[in-house]
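Participant: Let me begin by handing over the structure; questions about it come next.
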Amino acid sequence: MKILGIDYGDKNIGLALAEHNSIAVPYKVIKNSSLTEVLLELKELVKKEEIELLVIGMPYSLNSKENERTGITKEFISFLKDNLDLKIEIINEQFTSQLYIKMGLKDNLDKYAATAILDS
């Protein structure tokens, strides 16, 4: 089974791929220009890579409470549920970006955050 990890952001969406029970690898970053364009790109990727599961990071605050970003991400997940026929799992994404910043990575950080989401 192939899995697509998603780190959803206002400007960019980081993507990572993994096979079931294997390590995740950074895939790419797509621009979050419009939900229609994002959906088209995700549908193409799902078909090309034969994705069976989406794992999406949920940006809870440090005290694990919901915040503005959590609400925005929930809306995105609802949109995906309405438009893609795939199972979706949600994972707490606290500190995923910070992990890679500490490693010295700054370019295309979103795809590395998506990798951390999948690896968790």
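Participant: Check each of the trypsin sites (Lys or Arg not before Pro) in the stretch 1-34 and keep only those in coil by DSSP with at most 11 other C-beta atoms within 10 angstrom; list them in order.
Facilitator: Details: sites: LYS2, LYS11, LYS28, LYS31; in loops: LYS11.
Taking the stretch 1-34 and a limit of 11 other Cβ atoms within 10 Å, the loop trypsin sites (Lys or Arg not before Pro) found are LYS11.
Participant: Next up: Quick one: order LEU4, LEU40 from most to least accessible surface, probe 1.4 Å. Mind dumping the intermediate values first?
Facilitator: Numbers: LEU4 0, LEU40 115 Å².
Per-residue accessible area, sorted high to low, gives LEU40, LEU4.
Participant: Cross-link partners among lysines for LYS47, C-alpha distance below 19 Å, same-chain residues fewer than 8 apart left out?
Facilitator: Qualifying lysines at Cα under 19 Å: LYS2, LYS28, LYS81, LYS87.
Participant: How about LYS65: which aspartates and glutamates have a C-alpha closer than 15 Å to its C-alpha, ignoring those fewer than 8 places off in the same chain?
Facilitator: Candidates past the 8-residue exclusion: GLU93.
Participant: Starting from the Cα of LEU40, step 7 Å along the direction of its Cβ; do the same at LEU84; then give the gap between the two resulting points in nm.
Facilitator: Between LEU40 and LEU84, the simple spin-label model gives 1.7 nm.
Participant: At 1.4 Å probe size, with no ligands or nucleic acids counted, give the accessible surface of ILE72 in Å², nearest ten.
Facilitator: Approximately 50 Å² for this residue.
Participant: Ignoring ligands and nucleic acids, what accessible area does LEU84 show with a 1.4 Å probe (Å², nearest 10)?
Facilitator: Its heavy atoms expose roughly 20 Å² to the probe.
Participant: In vacuum, with every alpha carbon of the stretch 1-58 counted as one equal point scatterer, what does the Debye formula give for log10 I(q)/I(0) at q = 0.25 Å⁻¹? Two decimals, please.
Facilitator: Cα-only, vacuum Debye calculation for the stretch 1-58: -1.07.
Participant: Grab the Cα-Cα distance for ARG69 and GLU50, subtract it from 0.36 nm times how many residues apart they are, and report the gain in nm with one decimal.
Facilitator: 3.9 nm
Participant: Aspartates and glutamates near LYS48 by alpha-carbon distance under 18 Å, same-chain residues fewer than 8 away left out - which ones?
Facilitator: GLU19, GLU37, ASP85
The values are calculated or read from the model by the stated rules, or taken from the named source; none is laboratory data. Remember, predicted model here, so these are calculated numbers, not experimental data. Using ideal geometry, Cβ is built from the backbone for each residue, glycine included, and neighbour counts are taken over all protein chains shown. In case anyone asks, the SASA skips ligands and DNA or RNA and just uses the protein heavy atoms, side chains included. Shrake-Rupley method; radii C 1.70, N 1.55, O 1.52, S 1.80 Å.
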